[in-house]
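To keep things clear, I will list the structure first and then write my remarks on it.
No lab work stands behind these numbers, since they all come straight from the coordinates. Predicted, not measured: the structure shown is a model, and the values here were computed from it. Cβ sites come from the backbone with ideal geometry, for glycine too, and all protein chains shown count toward neighbours.
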Amino acid sequence: MWGMVRYRPNVAALVLNPAGCLLICERATIPGAWQFPQGGIDSGESPEQAMFRELFEEVGLQAEHVNIVARTRDWLHYEVPDRYIRRDARGHYKGQKQIWFLLRLVVPDWNLNLRATSHPEFDAWRWNDYWVPLDMVVEFKRGVYEMALTELSVHLPPSALKPKRLRRPRASASSEIFAAKRVSDRNPLTPE
């Protein structure tokens, strides 16, 4: 499928709400694993086209729902542990290279729809401070998340940035309760 390509081309979307918080979603197949919307670039797609396709497939947002603020200058790479790689891709696939986009949401968040397609990737979503606590993200993606957040933070107004805190203190990590938006928690036709 990818020939000798070792890093699969991919895009990721940082969706910023008017309060300066980022959309983060919980994976349907891995409860407790939170990430930003992301996905592969199909043959013939530009990174921007792939980002808009993935944004719709994963969270139901369309191009007119967001404005592009910025994107990373270069590809950011991460390696995927073998246990997460399909058997038929082992030896041909090492990880992903990503272009990250910073987007500003220009519609109410009730436009988010985790069931926009027949193959939902996420079960829940929530708004988080810009500096996402990395303990919520699967370990092998933490470095690339920090690089993307750092590079794109220069495009935010100072009021949107709280002090940089990428990891939760150990004492409060287990006691913190997250207010996640689960698909079953709300009527998708009723604005919140």
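Test of the criteria: in region 50-113, which trypsin sites (Lys or Arg not before Pro) are in a DSSP loop and have at most 15 other Cβ atoms within 10 angstrom of their Cβ? Please report the intermediate quantities before stating the final value.
Numbers: sites: Arg53, Arg71, Arg73, Arg83, Arg86, Arg87, Arg90, Lys94, Lys97, Arg104; in loops: Arg73, Arg86, Lys94.
Answer by residue number: Arg73, Arg86.
Multiplying the sequence separation of Arg115 and Asn128 by 0.36 nm and subtracting their Cα-Cα distance, what value in nm do you get?
Details: separation 13, 0.36 × 13 = 4.68 nm, distance 2.11 nm.
In short, 2.6 nm is gained.
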